[in-house]
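Below: one structure, written as structure tokens.
Rule-based calculations on the coordinates, nothing more; no lab input. These figures come from a predicted structure and were not determined experimentally. Note: ideal-geometry Cβ built from the backbone for every residue, glycine included; neighbour counts use all protein chains shown.
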């Protein structure tokens, strides 16, 4: 198995390398970091809906669509990427996804603990320091290979992450920023400046290589050869086009930003007979928080929407049908043209 410890590379190569290795059917472990920032979106996402493309263009921030699922993320040189490429039929590859993540996240967990950050695995694919996510990961099948990608987060630009996202309004952007800072952490944040400097990027990658080899056996250190470079170039000509970026993705009415497993910031819109309904809220471990309902519908009495918000706050998402039914049964409320089914459209996740 090949080991590519490539350090800083052009931003696009930080994504194209693992696509190229999978296309060639090479089993490998790759460590890279982008030399300049960019935004990366999941394969099933719609670029225009997820990212503020005008802002990114004006600020010279490229946007890339990967062949791995998941959400939009701002990436820069303060994140060290690991990329594991294995054949689908490799006996080391578990069939069940949770077993897969649990197995191949263990080397990352070992490294975090070795540098003094107590972390643990959180299903399905998160590593948590206390209550905060400290590594973003994802897996996908590309060709005949399974690709597992993730990062060590040395530092993170929370402000830029929230700025590059497409959001319905600035209040929602503020909510995403606040929730992100509360639920995503970094090596620098956990260790402090002095202890972080002890673990430079080269030493962290060395620890990662040792941890993965402890799991998968010895690997041969190599550099990019001509065939791999040619494959990267061929993929670049396809994956850096507008056609690739704007191919049909998953279109949603509203926004659902995953902060970590169990924490989402949601904004949903539904056009009912009685008008437009908007809902903005968080889902924290299956329960509602910071619920705000609005729209251009009529409600009698007007304060009844505040009553509904209060009923939903801190309740389990699965309780929504019963909460709505009891609201209309117990309160003297009229919402012309707005029925329980309409509220379900914006409150069910």
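Residues of the stretch 266-308 falling in the label zone of residue 319, defined by backbone nitrogen less than 17 Å from a point 7 Å along Cα to beta-carbon, are 282-292, 307-308.
The simple spin-label model puts a point 7 Å past each Cα toward its Cβ; for residue 89 and residue 3 those points are separated by 2.8 nm. Note: relative contact order over the chain, using C-alpha pairs below 8 Å and six or more positions apart, is 17 percent. One decimal place: the segment residue 44-residue 194 gains 50.0 nm when fully extended, by the rule 0.36 nm per residue minus the C-alpha distance. Counted over the stretch 1-150, the DSSP beta bridges are approximately 70% antiparallel. The long axis of helix 226-239 is offset from the longest Cα principal axis of the chain by roughly 20 degrees.
What separates the Cα centres of the stretch 309-339 and the stretch 191-268 is a distance of 42 Å. The angle separating the long axis of helix 13-24 from the principal Cα axis of greatest extent in the chain is about 70 degrees. As a proxy for reagent exposure, ranking 238, 311 by other Cβ atoms within 10 Å from fewest up yields 238, 311. For the pair residue 160 and residue 102, label points projected 7 Å from Cα toward Cβ lie 3.7 nm apart. Each stretch of four or more DSSP H residues adds -39500 (n - 2.57); spread over every residue of the chain, this sum gives -11000 deg cm²/dmol at 222 nm.
A Förster radius of 45 Å combined with the Cβ-Cβ distance from residue 296 to residue 225 puts the calculated FRET efficiency at roughly 0.15. Each peptide in 199-211, 294-306, 69-81, 7-19 gets a packing score, the mean of other Cβ atoms within 10 Å over its residues, and the list from highest to lowest is 7-19, 69-81, 199-211, 294-306.
Label positions at residue 206 and residue 246, each projected 7 Å from the Cα along the C-beta direction, are separated by 4.8 nm. The angle between the Cα long axis of helix 201-216 and the main principal axis of the chain comes to about 90°, on a 0 to 90 degree scale. Expressed to the nearest 5 percent, the antiparallel share of DSSP beta bridges inside the chain is 80 percent.
Computing FRET efficiency as 1/(1 + (r/R0)^6) for residue 310 and residue 234, where r is the C-beta to C-beta distance and R0 is 56 Å, gives about 0.45.
So what does log10 I(q)/I(0) come out to for the chain at q = 0.08, 0.13 Å⁻¹, using the Debye formula with one equal point on every Cα and no solvent? Debye intensities relative to I(0), on a log10 scale: -0.44, -1.03.
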